[in-house]
Amino acid sequence: MISIIVPALNEEKIIEKMLLGLRELSEFDYEIIVSDGHSTDRTAEIARKYADQVIVHDGKTRQTIAQGRNAGGKVAKGEYLAFFDSDVFVPDINNFFRKALANFEKNPKLLALTVILKTLPEYETWADRISWAIVSGFHRFANNIVHQGSSSGEFQMFRAEAFRKVNGYNPAMVFGEDAEIFFRLSKIGQTRTDGKLYVMHTSRRAHNAGWFSLWSLWTANIISNLFRKKAVSKEWKVSR
């Protein structure tokens, strides 16, 4: 079974459409888990109509997205864990998972899989095409060529056993937890980017902040994580 886990915070405008897309999966046994970060809108209410489980964060402080993903992973029952951001959509989801699972079936050493990132056509700009090509190309080079795991968090798929062996995402990381878990897994097995598969998302953070500002923020946080072992950003601000 595949456990599909969606971390969400104040996503009432898009969560229904996203979950309806996931519900088109019919070829495999699956469950949908929404890990809600204590939304102040109708996110949890809407999610309960479509998800098998909705976990709501009840802490006094805002959780990191790593904590939200881990909360979903903790209750997941599937042999595989597939994490999607809440603004991600998959064209032909049955074919997508058929090919994603084939990667794991062909390679017993494969522990984690990611794919190419694209912007939804109705939102896409030339800057999106260039930027996501660079990001996806870097992850593909890191995973498939030099075998130093790397990934963005829009879509990540793991063998559940491997995910739990490394204790999931680093809950303390505000930024870069998605790449960091791939890096750790690449030390005990293999990670891969499937260059023939892709997911589409809104690119709303880039559009709201501007690509130049987002690249600058990414760069500052990556350098800080490498040399200071913590991000420059104190929290990853919500962008809706």
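The values are calculated or read from the model by the stated rules, or taken from the named source; none is laboratory data. Just so it is clear, the structure is predicted and the values come from calculations on it, not from any experiment. Virtual Cβ from ideal backbone geometry, glycine too; neighbours counted across all protein chains shown. Please note that ligands, DNA and RNA were not included when accessible areas were found on the heavy atoms of the full protein model with its side chains. Shrake-Rupley method; radii C 1.70, N 1.55, O 1.52, S 1.80 Å.
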Checklist entry - Residues of the chain: accessible area per residue at 1.4 Å, in Å²? => result 50 Å²
Checklist entry - If you stretched the chain out fully between residue 42 and residue 75, how much longer would it get, using 0.36 nm times the residue separation minus the C-alpha to C-alpha distance? => result 9.6 nm
Checklist entry - For the chain, rounded, prolate or oblate, judged on the Cα gyration tensor with a ≥ b ≥ c (square roots of eigenvalues), a/c < 1.5 rounded, else prolate if a/b > b/c? => result rounded
Checklist entry - Which far-off residues, 5 or more places away or on another chain, put their amide H under 5 Å from the one on residue 230, with H placed in the peptide plane? => result 225
Checklist entry - Can you flag which of 49/74; 17/99; 74/187; 49/230 are past 26 Å Cα-Cα? => result 49/230
Checklist outcome for this item: Along segment 15-21, Karplus-curve 3J(HN,Hα) (6.51, -1.76, 1.60; θ = phi - 60°) to the nearest Hz, with x for Gly and Pro, reads 5, 5, 4, 5, 5, 4, x
Checklist outcome for this item: Computed ³J(HN,Hα) along segment 95-107: with the Karplus parameters 6.51/-1.76/1.60, θ = phi - 60°, integer Hz and x for glycine or proline, the list is 5, 4, 6, 4, 6, 5, 5, 4, 4, 6, 5, 6, 10
Checklist entry - Sequence-distant or interchain residues sharing an amide H contact under 5 Å with residue 56, placed H: which? => result 36
Checklist entry - Carbon-plus-sulfur fraction of the accessible area of the chain, 1.4 Å probe, in percent? => result 55 percent
Next on the checklist: Could you order the peptides 65-76, 184-195, 90-101 from most to least packed, using the average number of other C-beta atoms within 10 Å per residue?
Outcome noted: 65-76, 184-195, 90-101
Next on the checklist: Between residue 228 and residue 1, what is 0.36 nm times their sequence separation minus the Cα-Cα distance? Round to one decimal in nm.
Outcome noted: 77.8 nm
Checklist entry - Between segment 193-237 and segment 68-98, what is the C-alpha centre distance in whole Å? => result 21 Å
Checklist entry - If you plug each phi of segment 125-141 into the Karplus form 6.51 cos²θ - 1.76 cosθ + 1.60 with θ = phi - 60°, what whole-Hz ³J(HN,Hα) values come out, in order, with x for Gly and Pro? => result 10, 4, 5, 4, 4, 5, 5, 6, 5, 5, 4, 5, x, 5, 4, 5, 4
Checklist outcome for this item: Between residue 119 and residues 5 or more places away or on another chain, the pairs with built amide H atoms under 5 Å apart involve 201
Next on the checklist: 7 Å from Cα along Cα→Cβ at both residue 17 and residue 187: what's the point-to-point distance in nm?
Outcome noted: 4.1 nm
Next on the checklist: Tell me the net charge near residue 163. Cut-off is 12 Å between Cβ atoms, residue 163 excluded, with +1 for each Lys or Arg and -1 for each Asp or Glu.
Outcome noted: +4
Checklist entry - At what distance in nm do the modelled label points of residue 98 and residue 24 sit from each other, each positioned 7 Å from its Cα along Cα→Cβ? => result 1.4 nm
